Each structure stands twice: as C-alpha cells, then as structure tokens.
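Following: one structure in structure tokens, then a few remarks.
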Amino acid sequence: MTSPIAPEGQGTSTRPYLVRALHDWCTDNGFTPYVAVFVDRSVQVPMEYVKNNEIVLNVGFEATSGLKLGNEFIEFRARFGGQPRDIVVPIDHVVAIYARENGQGMAFPMPTESTTGPLAADEAVTLPPEQNEPPSPTPLPGAGGVRGLRLASESEGDAEPRDDEPPEPPAGGSRPSLKRIK
C-alpha cells in the first residue's frame with residue numbers, strides 16, 4: 001500500500017481532498033459525479049468494462065451503496081449488468097472527476113510507473129464496438145478516456161496538455177470539458 005504522505009516537506013496528497021470536494025460540489029448542485037480511473041492490478045473493477053486500461057464510473061449516491069471517499073481508496077458497491085460488485089480504486093488511480101451534465105471538474109496526472117504496473121496484454125479487456133455501452137447505467141463508457149485532457153498538477157497548479165496520444169473522438173456526443181479549479 002502507498003501512503004498518502006508525500007515526500008518530506010510536501011505534506012499529504014491533495015488528490016483525495018479535491019476528489020471529495022468535487023464530489024460534494026456535484027451532489028450539492030444536482031449533478032452526477034463521474035470518475036475516470038486508470039486500471040491496473042491494484043484496481044478492483046469489472047474488467048469487462050475496462051477499455052485501454054481506463055474505466056469511467058458513476059460515483060453518485062443513487063448509483064452506489066456504501067460509498068467511501070477515503071484518503072487512500074474509493075470504495076463502494078454497484079450493479080454492473082444487474083450483478084452487484086465491490087469496487088476498490090486507489091485514490092492515485094483517479095485521473096479525473098467531473099459532472100456528467102456539464103463536464104466541469106478536474107483531471108489529475110496519471111499514476112507513475114513506480115506506483116503501478118500496467119495490465120499484461122492478456123489482462124486488458126476491450127469490448128467489441130457494438131458492446132461499448134454497458135447494459136447498466138452504473139458503469140459508464142469512457143468515451144475515449146481522459147487522454148488529451150489538460151491535467152492539473154497537484155504541486156504547482158500548472159496545466160499541461162498530454163501529447164503522448166491524440167484525443168480520440170467521442171462515441172456519439174461531445175467530450176466533456178474539464179475546468180481547472182483553484
């Protein structure tokens with residue numbers, strides 16, 4: 001397990017606090033909070049809904065049971081295809097949180113290689129194009145994931161575009177825009 005304590009003099013990570021704050025903001029304003037998650041071996045999600053090592057989850061109170069937004073993990077129970085599943089996401093694997101209705105939220109840097117190991121080729125699951133929409137409203141398609149979004153740096157607050165891959169066009173809608181919140 002990784003501790004939320006940052007290197008000496010840096011304090012704890014701001015990510016869990018920002019995730020909780022944006023979740024509260026979404027809830028208070030009647031919006032549906034979604035989190036985009038980088039998936040590797042340390043993440044417990046239904047692998048059949050993972051695309052390109054990413055999954056987008058509805059973390060609204062209506063879609064979850066026993067939601068805990070902790071400093072190290074986000075934990076809850078949700079239905080996927082009618083089946084209840086336990087979800088556990090390390091907080092450093094949350095790469096964005098935003099409101100479904102207007103796309104406002106925040107993106108975070110991807111976890112570093114030192115804290116994660118990518119899924120092996122036989123572990124990564126990609127659904128055929130006709131199955132990109134999950135059968136239940138609880139798990140949500142990534143619409144191309146969060147690649148190409150401007151990322152909010154936890155330490156400096158600077159935003160830099162990711163140029164390692166061009167953004168994919170959304171599947172049947174406009175891509176949510178994320179705002180940097182100071």
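Since every read-out is calculated from the coordinates, none of them should be taken as a lab result. Just so it is clear, the model here is predicted, and its values are computed rather than measured. Cβ atoms come from the backbone with ideal geometry, glycine included; neighbour counts cover every protein chain shown.
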>> Along the Cα→Cβ direction, 7 angstrom out, place labels at GLN44 and ARG20. What is the inter-label distance in nm?
In response: 2.1 nm
> Sorted by mean Cβ packing within 10 Å, highest first, what order do the peptides 18-27, 33-42 take?
Replying inline: 33-42, 18-27
>> Taking 0.36 nm per residue of sequence separation and subtracting the Cα-Cα distance, how much length would be gained by fully extending the chain between GLU75 and ASN52, in nm to one decimal?
In response: 6.1 nm
>> Can you tell me the convex hull volume per residue for region 38-94, based on C-alpha atoms, in Å³ to the nearest whole number?
In response: 75 Å³
> How big is D, in µm² s⁻¹, for region 1-109 by Stokes-Einstein at 20 °C and 1.002 mPa s if Rh is the Kirkwood radius over C-alpha pairs?
Replying inline: 150 µm²/s
> If you stretched the chain out fully between ASN102 and ASN29, how much longer would it get, using 0.36 nm times the residue separation minus the C-alpha to C-alpha distance?
Replying inline: 25.2 nm
